[in-house]
Amino acid sequence: MASTKFNPSSPTNPDTGLGAQPAQIGGRFVNKDGTFNLRKTGASLMTRASVYPWLLELTWLRFIGLIVLVYFIVNLLFTGLYLAVGTHELTGIDAVTPWGKIKEVFFFSTQTFTTVGYGRVNPIGDGADAIASLETMSGWLFFALVTGILYGRFTRPKAYIAFSNQALVSPYRNGRALMFRMVPYKSMHYLSDAKVVVNLSLLVTENGKEEYKFYTLQLERARIDTLNMNWTVVHAIDDTSPLANYSEEDLRFIDMELMVQVSGFDPVFSNMVMHRTSYTGNELVWDAKFLPMYHESPDGRTTVLELDKLHDYRKPVS
């Protein structure tokens, strides 16, 4: 549903890099986790695939599961090769049943792959020697790659910032303001020279044609020296705001999206980090106010920041 209630006095932002034609855009521009809501086609999987970033983005449980799975599959393949050349080319196998021999060959494969080499089972034929040599090389290549990826996962700069689930339209001074909040949730991580940019997309009808218009919202504060506690980002909905002419019902049903990008210097990584999120019209809560997240400790010696209250608000505001 398009609308013509946008404020024409608000300067648009042509530099978002996002499409303007609604017939060609599907869903939101930016997902809640900060990734772009975009799927690329028209090229082969090998051309489009980015294995290293994919491995960095996997959860730890899936990453460890993938390593175990690859390790198991590779050793199954080498076990098949050893069995193909015959167990007579391996000495030290004590099992007499077919299943027992398969197990002994599999565990010989794991010992060769990891270069442990206990020594009870040894290759004695040219075929088994060749396979063992190939497996040894594959093993140290595999573990070198895993070590490199582990190092990348631990050292990759990342903004450990969480955003509130909803953005609020709250009473502000003599009018209203759009606001959301964020917090660095790791104990040792904070941002210096933190900056936030909030872009607004609206689907509007102008001269009988529907298109997206983009605005960079003016914020009460777009930069702070240190982001170590929660930060409530505020955009006053005044006469200059592109949201000035919209009611709660308008913003709930029009195609609106707030795209948030925060960046800053993380001293732990000694590098710049960045994170994104977005809010759509149905993720706005009207006439609500965020509840405080921090308080003085019982002994009065420090400040307690309660991360579980990031999303808490009260409604209605009295």
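The values are calculated or read from the model by the stated rules, or taken from the named source; none is laboratory data. Predicted model only: the values in this text are computed from it and were never measured. We place every Cβ from the backbone using ideal geometry, glycine too, and count neighbours over all the protein chains shown.
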- Determine whether region 203-210 contains at least one residue that is in a loop (DSSP other than H, G, I, E, B) and in the same structural domain as Thr277 (by TED's automatic domain parsing). yes
- Query: Is it the case that region 254-264 has a residue that's more than 14 Å from Lys195 (Cα to Cα) and not in a strand (DSSP E or B)?
  - Reply: yes
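Evaluate region 214-235: report whether one residue or more is over 26 Å from Leu310 (Cα atoms) and in a loop (DSSP other than H, G, I, E, B).
The first filter runs over region 214-235 and keeps only residues over 26 Å from Leu310 (Cα atoms), leaving 214-215.
The next check asks that each one be in a loop (DSSP other than H, G, I, E, B); those that pass are none.
No, region 214-235 contains no residue that is over 26 Å from Leu310 (Cα atoms) and in a loop (DSSP other than H, G, I, E, B).
Residue by residue through region 93-118, note down the ones that are touching a residue at least 24 places away in the same chain (Cβ under 8 Å) and either in a helix (DSSP H, G or I) or loosely packed, with under 13 Cβ neighbours inside 10 Å (or both).
Within region 93-118, Val105, Phe106, Phe108, Ser109, Thr110, Thr112, Phe113, Thr115 meet the criteria.
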- Looking at region 277-293, is at least one residue assigned to a loop (DSSP other than H, G, I, E, B), touching a residue at least 12 places away in the same chain (Cβ under 8 Å), farther than 16 Å from Val169 by Cβ and of a type outside the set (A, V, I, L, M)? yes
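Given the options Pro316, Pro298, name the one that is touching an Asp or Glu at 6+ places or on another chain (Cβ under 9 Å), part of a loop (DSSP other than H, G, I, E, B) and not aliphatic (A, V, I, L, M).
Working: Pro298 fails: touching an Asp or Glu at 6+ places or on another chain (Cβ under 9 Å).
Testing whether each residue is touching an Asp or Glu at 6+ places or on another chain (Cβ under 9 Å), part of a loop (DSSP other than H, G, I, E, B) and not aliphatic (A, V, I, L, M) leaves just Pro316.
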- Message: Can you report the number of residues in region 265-275 which are farther than 21 Å from Arg28 by Cβ and part of a strand (DSSP E or B)?
- Response: 5
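Collect the residues in region 276-287 that are modelled with pLDDT under 95 and surrounded by 13 or more Cβ atoms within 10 Å (Cβ to Cβ), keeping them in residue-number order.
To start, the set of residues in region 276-287 that are modelled with pLDDT under 95 comprises 280-287.
Passing the criteria: Thr280, Gly281, Glu283, Leu284, Val285, Trp286, Asp287.
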- Item | Failed item, numbered, when Ile149 is tested on (1) touching a residue at least 60 places away in the same chain (Cβ under 8 Å); (2) out of contact with any Leu (no Cβ under 9 Å at 6 or more places or on another chain) | (2)
- Note on the structure: Taking region 4-38 and the residues there that are among the charged types (D, E, K, R) and in the same structural domain as Phe163 (by TED's automatic domain parsing), the one that is modelled with the lowest pLDDT would be Arg28
